[in-house]
Every structure is written in structure tokens, then in C-alpha cells.
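The values are calculated or read from the model by the stated rules, or taken from the named source; none is laboratory data. Fair warning: this is a prediction, and the values are worked out from it, not measured in the lab. Cβ: placed from backbone, ideal geometry, glycine included. Neighbour counts: every protein chain shown.
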Amino acid sequence: MQSAEFRKRGKELVDYIADYMDTLHRRRVTPEVEPGYLSELLPKEAPKKPEEFNDIMKDVDRAIMPGITHWQHPNFHAYFPAGNSYPSILGDMLSNAIGCIGFSWAASPACTELETIVMDWMGKMIGLPREFLHEGGDGGGVIQGSASECVLVSLLVARHLAIRQLKSRLPYTEDGILLSKLVAYSSKLAHSCVEKAGMIGFVKMRQLDVDENFALRGHVLERAIEEDRRLGLIPFFVSGTLGTTACCSFDNLAELGEVCANENIWFHVDAAYAGNALICPEFQHLLKGIEKVNSINFNTNKWLQVNFDCSLFWVKDKDALTMAMTVDPLYLQHKHSDRAIDFRHWGIPLSRRFRALKLWFVIRTYGVDGLQHRIREHCRLAKLFETLVSGDNRFEVLGKVTMGLVCFRLKGNNSLTQKLLKIINESGKLHMVPALINEHYVIRFAICAENASQEDIRFAWKTISIIATDMLARKLSRYDSNIPLDNPSTESFADEEDDEVFPEFDNNIIFDNQRCNLQRARLRRNLFLKMVSDPKSYNPRVLKSLNFELGPRHRSKSLGGTDAMSLSPDFYFGTSI
Ligand code: PLP
């Protein structure tokens with residue numbers, strides 16, 4: 001394609017995007033396809049000859065769009081928001097056109113310098129102390145691809161420092177032996193990426209209990225450290241969370257930081273979602289204790305109107321980070337001119353996109369005021385939703401509503417809440433996902449759309465309420481979600497009194513290959529709260545299709561198979577978003 005055609009197609013595509021955004025609300029929020037649908041619609045081999053752009057776009061409409069879950073839809077309330085905005089799309093477009101790989105200053109000076117500037121802007125916006133900023137000297141921030149990478153990198157730095165210190169005392173001990181003594185900590189509500197970082201880093205990871213507000217507290221960490229030291233282990237890393245995925249709770253940074261400082265432990269803070277709200281001064285009290293934190297991350301691509309990927313990561317000691325991640329042992333001694341802003345050693349990949357551009361476009365287009373307004377508006381709408389739920393005595397809200405997330409359920413009933421969510425998702429009118437909090441199955445309602453409005457929230461609540469009324473008016477066992485809502489059954493629902501633990505899943509398909517995962521999971525942790533992103537647990541289409549593919553040998557008794565085995569809910573809630 002040459003520039004003349006690019007001009008034409010580019011303009012057409014911008015129109016297509018604007019039309020998509022303007023008419024998004026008319027679509028179903030979730031697609032109606034089943035796994036494997038696309039291979040039925042596309043050829044088995046790549047085209048040998050060039051194809052027309054128009055034909056590609058026809059296939060976008062015919063084959064791709066029907067399989068899209070519309071994350072920007074006003075009725076999308078699942079997971080956390082996927083940041084988006086026109087300035088961000090434009091910034092990324094330009095970045096893609098420039099197409100530089102900015103791993104060091106020399107590789108593209110503007111790319112590296114803009115990143116350091118916007119990282120300092122953002123650091124100041126959320127109230128980070130000067131030690132975290134490039135302009136402060138020893139610290140600084142960099143844009144990573146994801147929160148998971150930030151957590152992994154911080155764990156690797158901590159591991160490097162711990163092994164180095166041990167080596168200085170025990171120079172003849174094998175690294176592997178030292179490694180086997182290291183232990184890291186998070187709360188049970190930490191995102192699964194923390195546990196994954198431990199797995200990749202080959203270190204033990206303990207998941208600690210939280211208090212009644214779902215927060216990890218200093219004394220719990222202190223006790224765990226004492227126990228582990230008695231066993232001869234070496235605590236080296238703690239990951240605290242600001243805004244847990246399941247219910248947006250906040251670990252106590254001040255208490256944890258104090259313990260980490262006393263114990264010489266690297267303290268990382270994962271604020272993937274909630275960190276965005278810190279641009280509003282009224283939320284900055286959540287950073288109390290930040291002076292004892294070593295590194296922190298949050299995803300502007302969640303809640304700051306920036307498209308994926310744009311995860312901000314700051315450290316106080318960038319030399320420690322560089323040392324842990326460089327393969328050139330003399331690197332720090334070179335002191336060459338661009339070392340201070342050389343990102344080669346700050347992450348896993350060497351190549352880096354020019355991601356700062358979209359963030360810069362967004363900050364400048366909306367200004368700090370505009371971004372704060374959006375966060376506050378989402379928080380206000382979450383409060384409105386909480387009020388609507390609380391006003392209906394069939395429902396209850398679990399946990400505090402501090403930001404843009406509300407966790408709610410049918411009072412005291414796991415299985416009905418679970419069925420309600422399934423029916424709602426099946427209807428295609430709204431999309432939400434569940435979480436398990438203290439054995440309570442809750443539906444997470446996240447405010448996601450950039451321009452979410454009061455009307456959207458009222459629509460969502462009305463839909464939930466109508467479906468709940470209809471569902472409760474039927475016998476569950478006979479409930480057929482295909483019956484239209486305007487034709488509700490009048491059958492009574494009298495004997496549905498249980499709160500069985502997710503009977504639908506216990507009686508559903510069991511996968512041989514997942515049994516050992518379950519056993520491993522049981523051995524490794526006692527999950528009392530886990531976020532659900534495994535679509536098997538709430539998307540009947542996925543469940544149906546897996547069941548079909550695996551055939552009767554793998555099905556549970558209730559489905560006619562011979563391999564039934566009772567699984568605890570841990571199994572189904574083992575995957576976190
Ligand atoms: N940490 C928290 C608290 C999250 O909520 C999430 C995702 O929702 C993550 C980490 C993972 O983020 P990423 O996909 O950027 O790795």
C-alpha cells in the first residue's frame with residue numbers, strides 16, 4: 001500500500017471507528033458465537049495473492065465484529081475498564097507510524113525523553129515523593145506493557161539484591177541453595193500475577209490473610225516473617241495491593257512498609273486499577289506510608305483513558321533495577337551520558353514501543369482537571385449503583401464502595417447469585433463477572449465506559465432487577481433463560497432455599513488434566529477469595545462447547561460420564577483477571 005491509498009483508507013477507517021463508537025450502544029455487549037466460530041468463516045490457508053482493502057473490511061463486519069466482546073460498550077461492567085479515548089487512539093496511530101524501538105536514548109531520543117517527562121508528570125500527579133522521580137536523581141519511572149511485568153520485574157530486582165547480599169556473607173554457597181531459602185509475601189487478594197511472578201522467579205510465595213476490610217495488615221506480615229525465619233527461610237519481597245481485583249480493597253501501606261523497612265525487605269505496591277484515582281487529591285491518603293515503598297505500578301490503560309498497553313512503573317533506586325536486569329556487568333560503571341534515561345535494562349523485552357506518545361496526547365487533551373473529572377464521575381456513578389442495590393431488600397452490597405466497583409449479591413445465596421449472573425450475561429444486555437469474597441459469590445459491577453452516564457447505570461440496575469424478579473418467580477431447575485423477559489413464568493420458586501456451594505459447577509464437567517491442577521492448588525493455597533476470569537465459570541457457551549469437545553469420558557455423572565469427582569469452588573476460582 002502506498003501513501004495515496006493509505007490516505008484514502010486511513011480516512012475511511014477513522015470514519016469506521018467513529019461510527020463504531022457512536023453506534024456501539026445498539027449492539028449486544030457480548031457476542032453470541034461459540035468457540036471455534038471463526039475457523040468456519042475464514043479460509044484454512046493464507047491468501048496467496050494480494051486482496052482488496054474493501055474485501056478485508058467486509059470480512060471485519062462479517063466475521064470479526066460478530067465475535068467481539070465490546071469492552072467500550074456502555075453496558076460493559078466486567079473486569080476493570082479498558083482505557084480508551086480518541087486522543088489515545090491518535091497518539092498510538094502516530095507512534096505506530098514512527099515505528100521506533102526506543103530502548104535507549106540513542107535509539108530514539110524523543111521516545112526516551114518524552115517517557116521520562118510524562119513519568120515525572122504522572123508521578124507528581126499522583127503525589128509520589130521526589131525520590132521516585134527522574135528529576136529526583138536516584139529514582140524514576142518507565143512504561144511497561146502490563147502490571148504483571150511490573151510485579152515480575154520488581155520481584156526479580158528484590159531477588160537479585162537478596163542473593164547478592166547473601167553471597168557476600170556466604171560466597172561459596174550455590175545460588176540455587178540460597179534461592180531455595182527465599183520467601184515472598186502478598187495477601188490472598190493479590191492479583192494472580194504476583195503468584196505467577198513467584199513461580200517464574202522460582203521463589204516461595206506466601207499468601208496472607210486479610211482483615212475484615214480485606215486489607216493486609218502489618219502484624220499479619222510480621223507474624224509470617226517470624227515463622228519463616230524460625231524455619232530458616234529468608235523473607236525478601238512483599239507485594240501490597242492498592243485496589244484488589246476482586247473488591248477494590250486497600251492493603252495498609254504504612255504498616256507493611258514499616259515491617260519491610262525493619263526487615264530489609266523490598267516492598268512493591270501493585271495499584272493497577274486504583275492507582276489512577278490517586279490523581280485526585282482526595283484519594284492520596286491511600287499512599288500514606290509510600291516513603292517506605294521501593295516500587296509501585298499502575299495501569300493508565302485501565303482507568304485513565306489510555307489504550308492498552310501503558311503500565312507505569314516507578315522505583316526509588318534505578319541502579320538496583322538496572323543491575324538486576326542487565327547482562328553487562330560493567331554497565332553501571334560506564335557512566336555514559338544517556339545512562340540515566342536508558343530503558344534497556346528496565347524490563348523483560350529489549351524492544352519498546354513509543355507508548356509515552358498516547359499518554360502525552362491524553363494528558364494534554366484532557367488536562368489534569370479533565371482526567372480527575374472522569375475518575376470522580378465514575379466514583380459517583382458507582383455510589384449511585386450502590387444506592388440502587390441497597391434500596392432493594394433482595395440484594396446486598398459486600399465490601400466498601402470506594403472507587404468505581406460495586407460487589408453485590410442476592411442476599412445470602414451463592415447459587416442464585418451465580419444463576420442470576422449467568423442469565424444476565426446470556427441476555428447480552430449487560431456484561432459482568434463474579435468474584436468470591438469470603439466464600440460469598442458476588443457479582444462485580446465495574447463502571448467502565450469512558451462516557452458512562454446515570455442513564456446507563458439506571459438501565460443496568462433495571463435490567464438486573466427485572467431478570468432477578470423473573471428468575472425468582474420460576475423454579476430454578478426448570479428455568480430456561482431463552483424465555484423472553486416480557487413473558488415471565490408465574491411458577492413459584494418456593495423450595496429454593498439452599499445456599500449450596502455452586503452446585504452447577506460441582507455437577508458439571510470435570511477435566512482430567514485439571515484435576516492435578518486442583519490438587520496442586522489445594523496444596524499450595526487456601527483460596528478464600530479469588531477473582532474469576534475463567535469463562536467456564538460464567539459463560540454457558542464456553543462450558544457447552546468444552547463439554548462437547550471432550551466427550552462423555554470426561555463428563556461428570558450428571559452429564560452421563562463415568563469420571564465424576566467433586567471439586568471445591570477453589571477449582572473454579574483459581575484464575576484471576
Ligand atoms: N494487578 C491488579 C490489582 C489487577 O486488577 C490486574 C488486572 O486487572 C493486574 C494486576 C493484571 O494487570 P495486567 O493485565 O496489566 O498484567
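Residue-by-condition table, conditions (1) among the β-branched types (Val, Ile, Thr); (2) within 12 Å of the ligand (Cβ to nearest atom); (3) touching a strand residue (DSSP E or B) at 6+ places or on another chain (Cβ under 6 Å):
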| residue | (1), (2), (3) |
| --- | --- |
| 235 | no, no, yes |
| 255 | no, no, no |
| 262 | no, no, no |
| 270 | no, yes, yes |
| 275 | no, yes, yes |
| 280 | no, no, no |
| 288 | no, no, no |
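Please go through the range 291-328 and pick out each residue that is part of a helix (DSSP H, G or I) and either more than 11 Å from the ligand (Cβ to nearest atom) or hydrophobic (A, V, I, L, M, F, W, C) (or both).
Here is the first cut: in the range 291-328, the residues part of a helix (DSSP H, G or I) are 291-292, 300-303, 318-325.
Scanning the range 291-328 gives 291, 292, 303, 318, 319, 320, 321, 322, 323, 324, 325.
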- Item | Filtered residues of the range 233-282 (kept if assigned to a helix (DSSP H, G or I), in contact (Cβ under 8 Å) with a residue 12 or more places away in the chain and not aliphatic (A, V, I, L, M)) | 255, 257, 258, 260, 263, 275, 276, 281
- Answer yes if at least one residue in the range 462-482 is among the charged types (D, E, K, R), under 23 Å from the mean Cα position of the chain (by Cα) and at pLDDT 85 or above, and no otherwise. no
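For residue 364, are the conditions met, namely being at pLDDT 95 or above, in a helix (DSSP H, G or I) and more than 22 Å from residue 247 (Cα to Cα)? I'd like the intermediate steps shown before the answer.
Working: at pLDDT 95 or above: yes; in a helix (DSSP H, G or I): yes; more than 22 Å from residue 247 (Cα to Cα): yes.
In short, yes.
Answer yes or no as to whether residue 74 is crowded, with 16+ Cβ neighbours inside 10 Å, under 22 Å from residue 357 (Cα atoms), within 23 Å of the chain's Cα centre (by Cα) and modelled with pLDDT of 95 or more. Spell out how you get there, then give the answer.
On the way: crowded, with 16+ Cβ neighbours inside 10 Å: yes; under 22 Å from residue 357 (Cα atoms): no; within 23 Å of the chain's Cα centre (by Cα): yes; modelled with pLDDT of 95 or more: yes.
When the stated conditions are applied, residue 74 does not pass them.
Could you run through the range 333-361 and say how many residues are among the hydrophobic types (A, V, I, L, M, F, W, C) and modelled with pLDDT under 95? Show your work before the answer.
Kept after step one, since they are among the hydrophobic types (A, V, I, L, M, F, W, C), are these residues of the range 333-361: 340-341, 343, 346, 348, 350, 354, 356-357, 359-361.
Those left that are additionally modelled with pLDDT under 95: 340-341, 343, 346, 348, 350.
Of the residues in that region, 6 qualify.
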- Item | Residues (free of Cβ contacts under 8 Å to residues at least 24 places away in the same chain and buried (at least 18 other Cβ atoms within 10 Å of the Cβ)) located in the range 81-132 | 107, 120
- Quick one: is residue 457 out of contact with any Phe, Trp or Tyr (no Cβ under 9 Å at 6 or more places or on another chain), assigned to a helix (DSSP H, G or I) and not small (Gly, Ala, Ser)? no
- Only unsatisfied item for residue 67, checking (1) surrounded by 11 or more Cβ atoms within 10 Å (Cβ to Cβ); (2) under 18 Å from residue 453 (Cα atoms), is (2)
- Item | Hits in the range 424-454 (condition: within 15 Å of residue 382 (Cβ to Cβ) and part of a helix (DSSP H, G or I)) | 454
- Task: Search the range 283-295 for residues that are under 19 Å from residue 150 (Cβ atoms) and pair each with any residue that is among the hydroxyl-bearing types (Ser, Thr, Tyr) when their beta-carbon atoms are under 8 Å apart and the residues are at least 6 apart or on different chains.
- Result: 294/154; 295/154
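Yes or no: residue 118 away from the ligand (no atom under 16 Å from the Cβ) and not in a helix (DSSP H, G or I)? Talk me through it step by step, then tell me what you get.
Details: away from the ligand (no atom under 16 Å from the Cβ): yes; not in a helix (DSSP H, G or I): no.
Taking the combined requirement at face value, the residue does not satisfy it.
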- Message: Out of everything in the range 133-146 that is surrounded by fewer than 20 Cβ atoms within 10 Å (Cβ to Cβ) and in a helix (DSSP H, G or I), what residue ends up being modelled with the lowest pLDDT?
- Response: 136
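Using the structure shown, decide if residue 206 is assigned to a helix (DSSP H, G or I) and basic (Lys, Arg). Full working, then the answer.
On the way: assigned to a helix (DSSP H, G or I): no; basic (Lys, Arg): yes.
So residue 206 fails the test.
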- residue 149 vs (1) away from the ligand (no atom under 16 Å from the Cβ); (2) in a helix (DSSP H, G or I): all pass except (1)
- Check the range 4-18 and report whether any residue there is touching a residue at least 12 places away in the same chain (Cβ under 8 Å) and touching an Asp or Glu at 6+ places or on another chain (Cβ under 9 Å). no
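Tell me which residues, restricted to the range 210-232, are assigned to a loop (DSSP other than H, G, I, E, B) and over 12 Å from residue 182 (Cα atoms). Lay out the reasoning, then the answer.
Looking only at the range 210-232, we keep the residues that are assigned to a loop (DSSP other than H, G, I, E, B), and these are 210-217, 231-232.
210, 211, 212, 213, 214, 215, 216, 217 - these are the residues of the range 210-232 that are assigned to a loop (DSSP other than H, G, I, E, B) and over 12 Å from residue 182 (Cα atoms).
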- Message: Tell me yes or no: at least one residue of the range 238-247 is more than 26 Å from residue 145 (Cβ to Cβ) and more than 14 Å from the ligand (Cβ to nearest atom).
- Response: no
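Against the condition touching a Lys or Arg at 6+ places or on another chain (Cβ under 8 Å) and part of a helix (DSSP H, G or I), how does residue 198 come out, does it pass? Before the answer, list the steps.
On the way: touching a Lys or Arg at 6+ places or on another chain (Cβ under 8 Å): yes; part of a helix (DSSP H, G or I): yes.
When the stated conditions are applied, residue 198 passes them.
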- List, please: which pairs have Cβ atoms under 7 Å, are six or more places apart or on different chains, and start with a residue in the range 21-42 that is in contact (Cβ under 8 Å) with a residue 24 or more places away in the chain and end with one that is assigned to a helix (DSSP H, G or I) and surrounded by fewer than 15 Cβ atoms within 10 Å (Cβ to Cβ)? 31/67; 33/67; 37/67; 38/67
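One line per residue, one yes/no per condition, for (1) modelled with pLDDT of 95 or more; (2) of a type outside the set (S, T, N, Q); (3) under 21 Å from residue 270 (Cβ atoms):
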| position | (1), (2), (3) |
| --- | --- |
| 107 | no, yes, no |
| 112 | no, no, no |
| 119 | yes, yes, yes |
| 150 | yes, yes, yes |
| 163 | yes, yes, no |
| 175 | no, yes, no |
| 178 | yes, yes, no |
